[in-house]
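**Student:** Sending over a structure as structure tokens; questions will come in a sec.
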Amino acid sequence: MMRRGTGCDMRALAVSVAAVTASLLVAACGAAPPKAGGPPPPLPRRSVVWLDADGVDGATAAILARRGVDELVVRCGVASLAGDVPVLRLAASPPVAGPIPTGIVLRLDGLRPDLDPNLADVLWRGIESGLGRGAPAELLLDLDATPTGLSAFVGRLAQVSSVPVVPVLLPEQLADEEARRVVTVARAAVVPVFGTVAAFRRGAQASVRPLGELLAPLVGTGARVRVAVVLEPESQPPLSQWREGLDALVDDGGTEVSTSSQLDRTFTFRRTMSWNGRAWRAGEQVALRWMDVARLNQALRTIGRLTLPEVGGWDLVTLPPEGRGLGIGRDALFAYLAGEGPEPDLRLTTERHGASVQATLSNPGPFASAVSSYGNWVEISADGGGLVADEHGDFDRISLGSRGPTGEWRRNDSGGVRAVQFATTFVAPGAELTTGTVRLPRSRSTATIRWQVTLSTGEMVTGSLVVPP
């Protein structure tokens, strides 16, 4: 008897961005007005997306606006305050189309104690002249130091510019008293906490401490804090582009994957290949750390639970390039902001011809699994044992064995095989993986197919399907 197209659609694991956003926008939109004499309603939390040198076109900006993005941010250059007069080096302004307000980021170098606050007037005149357009939505100051007196300079800059001036500080900087004064004067801050923080500022490292503990020094400052999630991948050796994803590395056993890495994973090339703008020889290695949508979802949920200090929103640094590159591809980010994900859209179909069974695991959506040697698999079993299989199909590995009393996998390559497990290192967006053919004991045997895909957060997407004769 032949059975075709038996299918199952897995879509429900983690909280989607719609639920996350709902928790983050408590009383921000559509809330009932407060009772007379009651506390004022909370201010809306803002979603900010940083752009790279490519900027953004009108169509992309329109998508971001529909997805709830309130502001775009571009890096505008560096100002050195080491001398008597600020030295301003402005970068070429990237094209930014669309209706979303745009802020700018200026990195301050050469900061010294007791900086003359009046230098803020000169600096702002240089910024106005160099920008050649209207005032930005806000001016973010990327500060790698907070010497004594910086708060007076920041206060003066906000006064003379008449735009919000927001310091960007790493969590470890918040222990400094002057840093807290700067935040108090600005009444706002952006703090990169999640993601590849080292890609944002050299030498920085993401902390494993709870978010509330990291931001505790800002309690009592009166500031609304935006927590930044850095989306840019990090690599050793450094790469100039990120337009090819992980699937190119793991396809057909092109690399050996190791968790013993200075970053998330180290990939050792087994053959010569080209990847992300560089030719790699057999034996060369690349260590990678990347963000994906599962981690982003976890970060936003953590931000949403924070009560003190007051959360002003979150920043995503930076908008990914078009396509499905390393980390979060642009289409994956857009889908997530529209309420999809963060888990892969897993679908299982089967083909049965008498005692022979095959299964196909597909992921038509833009979300990926973790890179795992043991966490992503499809398993075919039957009562009575005696299964036979020797081809792994599109999967990376095949294992014969059975499940123990507590559900643990027991490998057994000899007789009495009750289950066959097909494992894959990575389930990429758009992947379609077909197992090898499994021979059941009899044509009348009932097969059970189980599958598991692991996310980078440690969560698992699981399912099962019974295939009758």
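The values are calculated or read from the model by the stated rules, or taken from the named source; none is laboratory data. Keep in mind that this is a model prediction, so the values were computed, not measured. Cβ placement follows ideal geometry from the backbone for every residue including glycine, while neighbour counts extend to all protein chains displayed.
**Student:** Which residues, taken from region 130-163, are in contact with a helix residue (DSSP H, G or I) (Cβ under 7 Å, 6 or more places away or on another chain) and not hydrophobic (A, V, I, L, M, F, W, C)?
**Tutor:** Residues satisfying the conditions are THR146, PRO147, THR148, SER151, GLY155, ARG156, SER161.
**Student:** Please find, among LEU43, LEU64, the residue that is surrounded by 15 or more Cβ atoms within 10 Å (Cβ to Cβ) and either modelled with pLDDT under 95 or closer than 22 Å to GLY341 by Cα (or both). Quick ask: steps written out before the conclusion?
**Tutor:** Values: LEU43 fails: surrounded by 15 or more Cβ atoms within 10 Å (Cβ to Cβ).
Selected residue: LEU64, the only one of LEU43, LEU64 that is surrounded by 15 or more Cβ atoms within 10 Å (Cβ to Cβ) and either modelled with pLDDT under 95 or closer than 22 Å to GLY341 by Cα (or both).
**Student:** Right, another one. So which residues in region 87-131 are among the charged types (D, E, K, R) and on the phi < 0 side of the Ramachandran plot? Even if it seems obvious, please write down each step before you answer.
**Tutor:** At the first step, the residues of region 87-131 found to be among the charged types (D, E, K, R) are 89, 107, 109, 112, 114, 116, 121, 125, 128.
Matches in region 87-131: ARG89, ARG107, ASP109, ARG112, ASP116, ASP121, ARG125, GLU128.
**Student:** Look at VAL286 and say whether it is in a strand (DSSP E or B), over 21 Å from GLU459 (Cα atoms) and touching a helix residue (DSSP H, G or I) at 6+ places or on another chain (Cβ under 7 Å).
**Tutor:** On the way: in a strand (DSSP E or B): yes; over 21 Å from GLU459 (Cα atoms): yes; touching a helix residue (DSSP H, G or I) at 6+ places or on another chain (Cβ under 7 Å): no.
In short, no.
**Student:** Can I ask one more? What do you reckon, is THR318 more than 30 Å from PHE422 (Cβ to Cβ) and polar (S, T, N, Q)?
**Tutor:** Numbers: more than 30 Å from PHE422 (Cβ to Cβ): yes; polar (S, T, N, Q): yes.
So THR318 fits the description; yes.
**Student:** Can you go through GLY98, GLY130 and tell me which one is in contact (Cβ under 8 Å) with a residue 40 or more places away in the chain, surrounded by fewer than 21 Cβ atoms within 10 Å (Cβ to Cβ) and more than 29 Å from ILE63 (Cβ to Cβ)? Walk me through how you get there before you give the answer.
**Tutor:** Values: GLY98 fails: more than 29 Å from ILE63 (Cβ to Cβ).
The conditions single out GLY130.
**Student:** Related question: Where in region 181-270 are there strands (runs of 3 or more DSSP E), lying fully within it, with 2 or more residues that are in contact with a Ser or Thr (Cβ under 8 Å, 6 or more places away or on another chain), farther than 29 Å from LEU139 by Cβ and at pLDDT 95 or above? Walk me through how you get there before you give the answer.
**Tutor:** On the way: elements: 188-195, 224-230, 234-236, 255-258, 265-269.
The strands (runs of 3 or more DSSP E) meeting that bar are 255-258, 265-269.
**Student:** Another one. Spot the failing condition for VAL293; the list is (1) surrounded by 14 or more Cβ atoms within 10 Å (Cβ to Cβ); (2) farther than 23 Å from THR424 by Cβ; (3) out of contact with any strand residue (DSSP E or B) (no Cβ under 8 Å at 6 or more places or on another chain), and only one is missed.
**Tutor:** VAL293 satisfies all of (1) surrounded by 14 or more Cβ atoms within 10 Å (Cβ to Cβ); (2) farther than 23 Å from THR424 by Cβ; (3) out of contact with any strand residue (DSSP E or B) (no Cβ under 8 Å at 6 or more places or on another chain) except (2).
**Student:** Hey, another quick one. For region 271-278, check the following and say yes or no: at least one residue is in contact (Cβ under 8 Å) with a residue 24 or more places away in the chain, touching a helix residue (DSSP H, G or I) at 6+ places or on another chain (Cβ under 8 Å), aromatic (Phe, Trp, Tyr) and not assigned by TED's automatic domain parsing to the domain that holds LEU214.
**Tutor:** Scanning region 271-278 turns up at least one residue that is in contact (Cβ under 8 Å) with a residue 24 or more places away in the chain, touching a helix residue (DSSP H, G or I) at 6+ places or on another chain (Cβ under 8 Å), aromatic (Phe, Trp, Tyr) and not assigned by TED's automatic domain parsing to the domain that holds LEU214.
**Student:** Output yes when any residue across region 414-426 is among the charged types (D, E, K, R), in a loop (DSSP other than H, G, I, E, B) and farther than 26 Å from GLU459 by Cα, and no when none is. Walk me through it before giving the result.
**Tutor:** The first filter runs over region 414-426 and keeps only residues among the charged types (D, E, K, R), leaving 418.
Next cut, in a loop (DSSP other than H, G, I, E, B) only: 418.
Next cut, farther than 26 Å from GLU459 by Cα only: 418.
There is at least one residue in region 414-426 that is among the charged types (D, E, K, R), in a loop (DSSP other than H, G, I, E, B) and farther than 26 Å from GLU459 by Cα.
**Student:** Is there a residue being among the charged types (D, E, K, R), over 24 Å from the mean Cα position of the chain (by Cα) and more than 14 Å from ARG226 (Cβ to Cβ) anywhere in region 191-207?
**Tutor:** Looking for residues that are among the charged types (D, E, K, R), over 24 Å from the mean Cα position of the chain (by Cα) and more than 14 Å from ARG226 (Cβ to Cβ), one finds none in region 191-207, hence no.
**Student:** With the requirement that a residue be in a helix (DSSP H, G or I) and surrounded by 18 or more Cβ atoms within 10 Å (Cβ to Cβ), what does region 103-124 give you?
**Tutor:** Taking region 103-124 first, the residues in a helix (DSSP H, G or I) are 119-124.
Listed by number, the residues that qualify are LEU119, ALA120, LEU123, TRP124.
**Student:** Mind listing just one residue for me: the one in region 447-466 that is surrounded by fewer than 14 Cβ atoms within 10 Å (Cβ to Cβ) and among the hydroxyl-bearing types (Ser, Thr, Tyr) and, of those, nearest to the chain's Cα centre (by Cα)? Give the steps one after another, and end with the answer.
**Tutor:** Here is the first cut: in region 447-466, the residues surrounded by fewer than 14 Cβ atoms within 10 Å (Cβ to Cβ) are 458, 462, 464, 466.
The next check asks that each one be among the hydroxyl-bearing types (Ser, Thr, Tyr); those that pass are 462, 464.
Working: THR462: 22, SER464: 29 Å.
Taking the candidates together, the pick is THR462.
**Student:** Another one. Exactly one condition in (1) among the hydrophobic types (A, V, I, L, M, F, W, C); (2) surrounded by 22 or more Cβ atoms within 10 Å (Cβ to Cβ); (3) in contact with a Lys or Arg (Cβ under 8 Å, 6 or more places away or on another chain) is not met by LEU246; state its number.
**Tutor:** All conditions pass for LEU246, except number (3).
**Student:** Please work out which residue is farthest from VAL190 (Cα to Cα), limiting yourself to region 57-102 and to residues that are part of a loop (DSSP other than H, G, I, E, B), of a type in the set (D, E, K, R) and under 25 Å from the mean Cα position of the chain (by Cα). Reasoning before the result, please.
**Tutor:** Step one: of region 57-102, the residues part of a loop (DSSP other than H, G, I, E, B) are 57, 67-70, 81-86, 91-95, 97-101.
Those still in the list that are of a type in the set (D, E, K, R) too: 57, 67, 70, 84.
Checking which are under 25 Å from the mean Cα position of the chain (by Cα) leaves us with 57, 67, 70.
Details: ASP57: 25, ARG67: 21, ASP70: 15 Å.
Taking the candidates together, the pick is ASP57.
**Student:** Separate question: Which members of region 207-227 meet the condition of being aliphatic (A, V, I, L, M) and in contact with a Phe, Trp or Tyr (Cβ under 7 Å, 6 or more places away or on another chain)?
**Tutor:** To start, the set of residues in region 207-227 that are aliphatic (A, V, I, L, M) comprises 208, 211, 214-216, 218-219, 223, 225, 227.
Listed by number, the list holds a single entry, VAL227.
**Student:** Here's another thing I want to ask about it. Being farther than 19 Å from ALA206 by Cα and more than 23 Å from the chain's Cα centre (by Cα): is that true of GLY277 here? Step through it out loud before you land on a result.
**Tutor:** Details: farther than 19 Å from ALA206 by Cα: yes; more than 23 Å from the chain's Cα centre (by Cα): no.
For GLY277, the condition - farther than 19 Å from ALA206 by Cα and more than 23 Å from the chain's Cα centre (by Cα) - is not met.
**Student:** Another one. Of all residues in region 249-290, which are loosely packed, with under 13 Cβ neighbours inside 10 Å, hydroxyl-bearing (Ser, Thr, Tyr) and more than 27 Å from VAL193 (Cβ to Cβ)?
**Tutor:** Listed by number, the residues that qualify are THR272, SER274.
Quick grid of which residues meet (1) assigned by TED's automatic domain parsing to the domain that holds THR259; (2) over 28 Å from PHE367 (Cβ atoms); (3) exposed (fewer than 14 other Cβ atoms within 10 Å of the Cβ):
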| residue | (1), (2), (3) |
| --- | --- |
| THR406 | no, yes, yes |
| GLY416 | no, yes, yes |
| ALA419 | no, no, no |
| PHE422 | no, no, no |
| VAL427 | no, no, no |
| GLY436 | no, no, no |
| SER445 | no, yes, no |
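**Student:** Let me ask something additional. When region 133-146 is examined, which residues are found to be surrounded by 15 or more Cβ atoms within 10 Å (Cβ to Cβ) and either in contact (Cβ under 8 Å) with a residue 40 or more places away in the chain or not hydrophobic (A, V, I, L, M, F, W, C) (or both)?
**Tutor:** PRO136, ALA137, GLU138, LEU140, ASP142, ASP144, THR146
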